[in-house]
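Only one structure is covered here, and it is reproduced in the block below.
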Amino acid sequence: MPAKLILSMDGEVLKDYVLSKERTTIGRKPHNDIVIDNLAVSSEHAAIITILNDSFLEDLDSTNGLAVNGTTVKKHFLQQNDVIEIGKYKLKYLNENAAPAPSADFEKTMILSRPVKPVAPVVPPSYESAEATGRFSPSNIAPEQAPVQPVATSLQPRAAVQILNGPNAGRELELIKSLTTLGKPGVQVAVLARRPHGFFMTHVEGAKFPLVNGESIGEQPRQLKDHDIIELAGVKMEFYFKS
Amino acid sequence: MNKQNALEMVSQTHSGKVRSHNEDSVALDAANGLAVLADGMGGYNAGEVASGIAVSVVLTEIKYRLQTEKPEAKDPFSGEDVGVVLLRDNVEKANSSIFHAAQSQPQYAGMGTTIVAALFYDNQLAVVHVGDSRLYRLRGEVFEAITRDHSLLQEQIDSGIISKEDARTSRNKNLVTRAVGIDAEVQPEVHVYEAQVGDVYLLCSDGLNDMVADEIIGETLQMLKANLPLAATQLIELANDHGGRDNVSVILIKINGKFSAPRPWLSKIFAWFKS
């Protein structure tokens, strides 16, 4: 399903356009793909480059500029439901492919059978140099989506270890990161992994294995329970969940 | 130090949490310092067949040729290292094997695979890759990708139309512009890098780097490099904990010592004594 743009003014829908071309132009003059006959609109105001499922908006040095979701932009990677403002006109970007597809096939690596056309020449050179480093105002950077979901959600209980003996007795270390190492490198090290279904301790290096409640854990990961006592490189620690 | 003692190598592969079968293939040849990883694509089991052919052709052919040739020697025709020529030639050989299998058997039509392979010799490594399987290096505090994907997204990043930050949200993630076995010809990319004692190299399929951010992969390696098998297990668990939508494979190689090739003048003296 190609992406669509819905043109409206003062809340009234005027027309919709399908982004079926690689380059769609917006402007006042009749040769544009999307014609907006209004003096506030430059003759060639903006262009949208569509490559497969992604669309990029760029300002073609228009007199009055472009805004997306209220912020002035020169160049913008369009996201689902973005609203492009040109004078009093609004264009809403809808892309049904935007929601991460639930099917596994979406993630499959595919081959582009025909060579991809070089994409650089479609960008006007004058502006390419100015924008080569990709300036985006922070508000336009899309919130991080699907690929890197945090392992830990707010539903997952928080946990910490507290040192029970030695010079650092009483110190607490909250287990925030997905991995936390404990011990002395070269002597004895164990890692605490925070996973969706709990916290696991595994031996990393050293001749001796860590003890949990006085018992050696061997080489296998050991799931930690509330108030387990860990012994590692001569240091005793207590693991507990924080409420 | 001989190569087998200087290099520590481990590999692990997993079908992930969504896919029913594993289309990735991995193989190691510790004696020759060779690691190969491929991520196959194509219907039914064709993806496994393609990646399987690629890995076995590259591994067995190079193993065979290294019985009589030295990877650090110069190739008389191109002037390049023999190691570089071996990697390039055998990826091309794998390409024609897969292409012909796909042509002759309809159930394999259109199958293909990405590949990344590294050959360690004389304190350096030669790396070949096609597609979006990657080689990363951890050196000191710096963790970075050494290969550049042959993918639409990488081309878009290079031409400046999309920033690296935006690339994470792109929906064109899984489109590769080069693959092994799709056409009669393939263009493998080969480079040689210096290897240092303490370096850790990671070869992985996109099932890892699509699921887990580079910073987290780097942090994991930094923490667990003392125990490579555990590091490999942990990386696979991370990919699965972050969704596990694809097969995930990793090969880890740690440089524990220098692995210099015997110097030519020394071998000349030995040869002179022998005669």
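Observations
- Flagged links, alpha-carbon separation over 28 Å, of A:177/B:3; A:92/B:164; A:15/B:164: A:177/B:3; A:15/B:164
- Principal axis box of the protein assembly as shown, alpha-carbon based, largest edge first, Å: 87, 70, 45
- Size descriptors for the stretch B:41-106, from the alpha-carbon set: Rg then Dmax equal 14.2, 44 Å.
- Size-normalised alpha-carbon gyration radius of the stretch B:149-221, reference 2.2 N^0.38 Å: 1.32
- Dividing the C-alpha radius of gyration of the stretch B:91-206 by 2.2 N^0.38 Å, with N its residue count, gives 1.20.
- Once Rg and the Kirkwood radius are both taken over the C-alpha atoms of the stretch A:1-90, their ratio Rg/Rh works out to 0.91.
- Of all complete DSSP H helices in chain B, those with a Cα span along the helix axis of 20 Å or greater and a mean Kyte-Doolittle hydropathy of 0.0 or more are B:46-65, B:82-104.
- Residue-span extension gain [residue B:219 to residue B:93] - 0.36 nm each, minus C-alpha spacing: 41.7 nm
- Within-11-Å neighbourhood charge of residue B:25 [Cβ basis; K, R +1; D, E -1]: -4
- Spatial separation of Cα centroids for the stretch A:156-198 and the stretch B:60-96, in angstrom: 48
- Nearest-0.05 FRET efficiency for residue A:207 and residue A:181, computed from C-beta distance (R0 30 Å): 0.95
- Cα-based radius of gyration for the stretch B:166-275, normalised by 2.2 N^0.38 Å, reads 1.53.
- Principal axis extents of the Cα atoms in chain B, from largest to smallest and rounded to whole angstrom, are 64, 48, 37.
- Förster radius 22 Å - calculated FRET efficiency between residue B:65 and residue B:4 (Cβ-Cβ, nearest 0.05): 0.75
- P(r) weight above 18 Å for the stretch A:173-235, C-alpha pairs, percent: 27
- Global geometry of the stretch B:1-126, whether rounded, prolate or oblate, following the gyration tensor of its Cα atoms and the 1.5 cut on a/c: oblate
- Two-site label geometry, residue A:35 and residue A:225: point separation in nm, points 7 Å out along Cα→Cβ: 7.7
Any read-out appearing in this document is the output of simple, stated calculations on the displayed coordinates, not a laboratory observation. Here the structure is a predicted model, which is why all the values come from computation and not from measurement. As a convention, Cβ positions derive from the backbone with ideal geometry for all residues, glycine included, and neighbour counts pool all protein chains shown.
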